[in-house]
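Structure, as structure tokens:
The values are calculated or read from the model by the stated rules, or taken from the named source; none is laboratory data. Everything numeric here is computed off the predicted structure, so don't read it as measured data. Cβ sites come from the backbone with ideal geometry, for glycine too, and all protein chains shown count toward neighbours. Just so you know, the surface numbers come from the protein's heavy atoms only, side chains and all, with ligands and any DNA or RNA stripped out. Shrake-Rupley method; radii C 1.70, N 1.55, O 1.52, S 1.80 Å.
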Amino acid sequence: MLVAAGVAGLVVAMALMIVRAIVGPSHYDRILAANSIGTKTVLLIALIGFLFGRPAFLDVALVYALINFVATIALMKFFRYRTLASPLTAAPEKEHKNG
Amino acid sequence: MSWLASHFNYVIVVALMMAGLFIVFSSGNLIKRMIGLALFQSSTGLFYISLSKVSGATAAITLDAGSVDGKALASQLDPAYVQQFGVDGVVYANPLPHVLILTAIVVGVATLAVGLAIAVRVREAYGTVEADEIEALSRVTAEQAEPAR
Amino acid sequence: MADALHWVGGGLVAIGAIWSIMGAVGVLRFPDVYTRIHAASLTDTGGATLMLLGMAFLAEPGIVTLKLFFVWAFVMLTTPTASNALASAAYSSGHRPRIGNFEFMRGNDSPEAATKGESRP
Amino acid sequence: MTTPFLDANFALNVALLLMLLAIALAVVRTRSLLAAILLMGVYSFVVAAWLMVMDAADVAFTEAVVGAGISTIVLLGAILLTHGEVVRVNWRLQVVPAILVLVVGGVLIYAAGGLPNFGDPASPANSHVGRIYLETTYGDIGAPNVVTAVLASYRGFDTLGETTVIFAACVGVALMLGFGPRVDTAPTVDVMGDHHVVLRVISKMLIPLIVLFALYVQFHGDLGAGGGFQAGVIMAVAVILHAMIFGLGETTKAFRPGVMRSISAFGVVLYTGVGIVCLVNGGGFLDYDFLFTPQVEAMIPPGLLGDPDKPHHWGQHFGILFIELGVLLTVASTMVSIFYGFAGRTIEAIKAERGS
Amino acid sequence: MILLETLYVAPPTLTAQAPVLAIIVPLLGACAAALAPSGRTGWMISVIASLFGGWMALAVATEAMREGAIVYVLGGFNPPLGIALRIDAMGALLGLLIGAVGALAAVFSGHSLVAEVRTEKHTLFQAGFLLCQAGLVGIVYTGDAFNAFVFLEISSIGTYALIAIGEGRDRRALPAAFNYLILGTVGATLYVIGVGFLYAATGTLNMADMAARLSTLDQNASVQAGFAFIMVGLGIKAAMFPLHGWLPGAYAHAPSLMSIFLAATATKASIYLMARFLFEVFPDGTAFGEAFLTWVLAPLAAAGAIICSIQAVFERELRRIIAFSSIAQVGFIFLGFALGSAQGLSASVFYIVAHGLMKAAMFMALGALALSIGARRLDEFAGVAREAPWTAVAFAVGAASLVGTPLTMGFLAKWGLIEAAIASGQIWIAVVMAAGSVLTVIYVGRIMEAMFFRAPAPGAPRAKEAPLGALAPLLALAGLSIWFGLDASIPEQLSQAGAARLFEVRP
């Protein structure tokens, strides 16, 4: 019962996030929403496994967590560097700028 | 109303197909058209999977009857269903559409990659990815094939 | 005992869900990108931790627990990293926080960039 | 469960489908390509959750790796190369497509009236071939995952075709984007002297884990959800992550584009080769029961794999193993090739713009 | 029949596996070509694989003629559980066409690719070409509705990129390829939706099983819609009249090798798949199917045959003229289907082969001319017959067959269709055929006049006779059109046997 409530809560949270993804206004809001929906999907898939008695399907949740990360990196590179190919430097000469 | 309940999935799938098809035919931007095509293809997946749904079933990965999963699951299912449609005491989902859609998803991503690659080359050759501008420029090419009369 | 664990696990899952809803409301209501990132990343990690912990209580110890741990590790690795990258990308593209004192951030940014704010479509 | 339309499963189904509809309409409406791509990513997330509700774990797995991962990255690469992010809309030109689409939709809705009720276990789709698979898989093949069994053995020829489609995509993208002037190392586009120590360290930790996980998915395929395709994409994602963090130049040194294309072809050869071995041993094409000659089968200790009375389970098991390996090789190398194609062009595009 | 068996010599063990070998040998050839170290090696692999594939298609044809229909079970699981190839005499004939044109085109490509495509792309180009070939053979051989989709996509995805490669000569190839990709994918997806509806009604994907189950089933809404979607989807792929938008650009701007191969085979495979759904899967004589043939297929086919012929008359670029002519000819083929009789079906299948051979010859002749002159417009071809007589003669043979001159295969094909139309009492179809032929005479006459009777423009680049390696396959194709015009026993027997078998099963 509580698990079902958890699933319902996650679905509500996802719906709210989707509103943010659709409304925007900036692309960063959308990425943020997409990333957050990704995390919620991971949890939702794991919970669905529990709800329907097949917790072995956590693999799917695991792979989502991973893909979510890579897609976010791609987006970040897209916005900041306008290329997917350049390396991310570890330039040590400057101090940490914005905490 | 009960028709809507029992065919709800199909209604939504049709709406998604229409959305995808509309993007494909109405948009002039080649990339947007590819996005529409991806949406359209993905909606076929939804259609097949909706067909394959068996109420009260579980994923078609057969359980060891003695395993914890199996016992927990069998206790959740409706005995009448299990008796009529079950295999080894559990109702499983229909695996065939799943297999087909796995293939269709793969075909979809292959098409997406090739289509986008061609769109990129179109941009390199024409300097734009808007269909109407490309058409205008193509007409110029066709007229270059003609001598001045 | 098993029953108690079940209730504890279910409770944690439910609290995690409430946590997530709170985060989602924050993302919907907060005024600018940075506050929204704050809401989302905080509740994503926190909510995920609670829920996965709850699921670990629900499951029998074994491979499932291990997988849950890995999911948790992934979420804990990815969400903060992504949030960090996102915030820095947003900042460098000219978005400026709407609230709070950010005088200390001045340096290599032009004044035009600072006024761009939320103007991107 | 006796009232199948009011259970938690159905409620979830409805909620997720409504989300999908909202996202799709937003994609139709938006003029920003980037927003459309991001929304498609979200769409794919929701589809995967929905697929889990529909008990289609393997499909959810594939949707996860393809929809949210590869598609997003390829689309981003494409809009980087086409420099257009805003779509022009001419509403007058949309009337005809709208009518066309409404006609198609009308036909579909009319047709949906003839479809069996959602979730009906006695519908023709669920009661003929699909059911037979569930009953016969264990005896025929001995693999617990029926989806993998159908995919790799019953309909193995389809999967060969699928692998070939992937190879064809590799050929197509390489022909379109894979040639032309190349640079050995990517220029470092260092916007503001950023440092990404966190990302570099985390990625270094993650990449081996991802590869390990891909291998787990690969070899766990006939027991649980997953298989060659999913594992291949996950492995490609590891390479792509490396390229994005440490630069395409570094990655192409380790995984050369030409080698990737060759591996893609080799995967198909491996798959077809398994079929030909069966053919030479006297069976039909891809009939894994004939993968091993009777002499070899006589040497197998009875009951080592599956039913002791069925020594052919051994052939089925290894046949599936080998063809999944072929799928893995083709998929992984093709996805990497596609990424190379798009990301590599980006370097050229930047150089061309700077030069001009 | 005797002829067929004398042509085919092979050990019986190979014959037994011929259906699958005809598909997987080009497939393996594609992989080998992609791995080949140089373009020359890639070309040799392509020639060998195509020839072997063609040889196996010959074996299949011999067997199909003897047995009536071949069922080859894949994976050791009988249909409907497993996938089976199911080849009747007509499918075998189509396979033979694909194998023959594929092999000749592969030989021809040794010269044309060097002239048209950058060297480093040759190996991959040959790989794509072989994939396309494997896919097309798969479409006509398979007995599984979904498997047909997979092969449709194999052939298409290879094709899209190969058409786009034509941008080296004319950048219009790129948007043409993109349009084809969009429409082709929409078509294939509509086909999948249609198959989904049929699957929902029958629970099976095997065509024979589907046919058996459909014949006992009420024709409900979803079956009818499934039928409609399959027809529209394949109609796009087959360039049926209002859905042909992708074809002229794709044929006109593709590299020569792809123009030859596509014009001869690609639409034909989809047309044949359509015929299978029309006459094999769907029970004959239902009101719905009859209505489709009479009220949808026949008018559209007639309209296409006339309108696209007129467009061809007014077109200026030579390759586009021939492309529009192809759409018109597809209309003729569908007119034969619309008769709904065994005679009409067999005449149509015969027409498919005739059209494939003549269009291949014409596009190959243009490819051979393109080796020396970069002409596109019709008047740029003025007087080429004096400079390259053999090439021009081969083109003329193809054109004569297109018009329907006696002693060519095209004559027999047209005659067969008109006969079938009269036999089933549909005189108007015969009239449309005659009108279309008159239009064909007009545009072919324009081409002939320019090539043979006009003097070359002063200062225009001079055409040269193609080298022997390119001329030989061209003359072979032209020779086939004449040979089958004199003695059509092979294609005639195969098409008639196949059609008779289908209509016997469902009287």
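Descriptive notes on the structure:
- Sub-9 Å Cβ pairs linking a first residue in region A:11-40 that is more than 13 Å from C:Val33 (Cα to Cα) and more than 9 Å from chain C (Cβ to nearest Cβ) to a second residue that is outside any helix (DSSP H, G or I) and open to solvent by 10 Å² or more (accessible area, probe 1.4 Å), at least 6 apart or interchain, are A:Ile22/D:Thr30, ordered by first then second residue.
- Looking only at residues of region E:156-185 that are among the polar types (S, T, N, Q) and open to solvent by less than 10 Å² (accessible area, probe 1.4 Å), we find that the one that is farthest from B:Glu135 (Cα to Cα) is E:Ser156.
- Those residues of region E:487-507 which are touching a Ser or Thr at 6+ places or on another chain (Cβ under 9 Å) and either surrounded by fewer than 23 Cβ atoms within 10 Å (Cβ to Cβ) or not in a helix (DSSP H, G or I) (or both), in sequence order: E:Glu492, E:Gln496, E:Ala497, E:Ala500, E:Phe503, E:Arg506
- Test: residue in region E:380-395 that is in contact (Cβ under 8 Å) with a residue 12 or more places away in the chain, in a loop (DSSP other than H, G, I, E, B) and more than 20 Å from E:Gly469 (Cα to Cα): yes
- Within region D:250-273, tally of residues that are over 28 Å from D:Ala64 (Cα atoms) and either open to solvent by less than 10 Å² (accessible area, probe 1.4 Å) or within 14 Å of chain A (Cβ to nearest Cβ) (or both): 1
- Residue list for region D:234-249, filter: more than 8 Å from chain A (Cβ to nearest Cβ), among the aliphatic types (A, V, I, L, M) and under 21 Å from A:Met76 (Cβ atoms): D:Ala236, D:Ala238, D:Val239
- Condition check for D:Asp194: modelled with pLDDT under 65, more than 10 Å from chain E (Cβ to nearest Cβ), open to solvent by less than 30 Å² (accessible area, probe 1.4 Å) and farther than 30 Å from E:Val73 by Cα: yes
- Region B:31-50: number of residues that are among the aliphatic types (A, V, I, L, M) and open to solvent by 10 Å² or more (accessible area, probe 1.4 Å): 1
- Restricting region D:243-258 to residues that are part of a helix (DSSP H, G or I) and of a type in the set (A, V, I, L, M, F, W, C), the residue that is modelled with the lowest pLDDT: D:Leu248
- Of the residues making up region E:186-212, those that are in contact with a Phe, Trp or Tyr (Cβ under 8 Å, 6 or more places away or on another chain) and either open to solvent by 10 Å² or more (accessible area, probe 1.4 Å) or polar (S, T, N, Q) (or both) are E:Thr189, E:Leu190.
- Test result for E:Ser38, more than 10 Å from every other protein chain (Cβ to nearest Cβ) and open to solvent by less than 40 Å² (accessible area, probe 1.4 Å): no
- With respect to the stated conditions, E:Ala57 fails to be of a type in the set (A, V, I, L, M), assigned to a helix (DSSP H, G or I) and either open to solvent by 10 Å² or more (accessible area, probe 1.4 Å) or without any contact (Cβ under 8 Å) to a residue 60 or more places away in the chain (or both).
- Some residue of region E:431-439 being at pLDDT 85 or above, open to solvent by 70 Å² or more (accessible area, probe 1.4 Å) and under 23 Å from E:Ala303 (Cβ atoms): yes
- So D:Tyr138, is it modelled with pLDDT of 80 or more and either under 18 Å from D:Asp58 (Cα atoms) or aromatic (Phe, Trp, Tyr) (or both): no
- Of C:Thr45, C:Thr49, all but one fail to be facing chain A (nearest Cβ under 9 Å), closer than 30 Å to A:Arg54 by Cβ and either part of a loop (DSSP other than H, G, I, E, B) or polar (S, T, N, Q) (or both); the exception is C:Thr45.
- Given (1) facing another protein chain (nearest Cβ under 7 Å); (2) in contact with a helix residue (DSSP H, G or I) (Cβ under 7 Å, 6 or more places away or on another chain); (3) of a type in the set (Ser, Thr, Tyr); (4) surrounded by fewer than 24 Cβ atoms within 10 Å (Cβ to Cβ), index of the condition D:Ser32 fails: (2)
- Of residues in region D:126-145 being facing another protein chain (nearest Cβ under 7 Å) and more than 17 Å from E:Thr204 (Cβ to Cβ), the one surrounded by the most Cβ atoms within 10 Å (Cβ to Cβ): D:Asn145
- Pairs linking a residue in region B:106-118 that is more than 7 Å from chain D (Cβ to nearest Cβ) and within 14 Å of D:Glu63 (Cα to Cα) to a residue that is open to solvent by 10 Å² or more (accessible area, probe 1.4 Å) and in a helix (DSSP H, G or I), with Cβ atoms under 7 Å and 6 or more positions apart or on different chains, are B:Gly108/B:Ala38; B:Gly108/B:Gln41; B:Gly108/B:Ser42.
- Taking the conditions (1) among the hydrophobic types (A, V, I, L, M, F, W, C); (2) surrounded by 24 or more Cβ atoms within 10 Å (Cβ to Cβ); (3) not assigned by TED's automatic domain parsing to the domain that holds D:Ser264 in turn, D:Val104 satisfies each one other than (2).
- Here the condition is being among the β-branched types (Val, Ile, Thr), more than 25 Å from A:Asp59 (Cα to Cα), facing another protein chain (nearest Cβ under 9 Å) and part of a helix (DSSP H, G or I); of C:Val13, C:Val27, C:Val64, it holds for C:Val27 alone.
- Residues that are among the β-branched types (Val, Ile, Thr), touching a helix residue (DSSP H, G or I) at 6+ places or on another chain (Cβ under 6 Å) and modelled with pLDDT of 90 or more, drawn from region D:259-311: D:Ile263, D:Val268, D:Val269, D:Thr272, D:Val274
- Some residue of region D:215-229 being closer than 26 Å to D:Phe342 by Cα, buried (at least 24 other Cβ atoms within 10 Å of the Cβ) and within 10 Å of chain A (Cβ to nearest Cβ): no
- Selection count, region D:106-125, where residues are over 15 Å from E:Ser222 (Cβ atoms), at the interface with another protein chain (Cβ under 7 Å from one of its Cβ atoms) and without any contact (Cβ under 8 Å) to a residue 12 or more places away in the chain: 1
- Selection of region A:23-51 for residues being among the basic types (Lys, Arg) and open to solvent by less than 10 Å² (accessible area, probe 1.4 Å) yields only A:Lys40.
- Qualifying residue in region D:48-71 (condition: more than 7 Å from every other protein chain (Cβ to nearest Cβ), open to solvent by 10 Å² or more (accessible area, probe 1.4 Å), part of a helix (DSSP H, G or I) and out of contact with any strand residue (DSSP E or B) (no Cβ under 6 Å at 6 or more places or on another chain)): yes
- Filtered by the rule that a residue be buried (at least 20 other Cβ atoms within 10 Å of the Cβ) and either touching a residue at least 60 places away in the same chain (Cβ under 8 Å) or within 18 Å of the chain's Cα centre (by Cα) (or both), region C:46-71 gives C:Gly47, C:Ala48, C:Leu50, C:Met51, C:Leu52, C:Val71.
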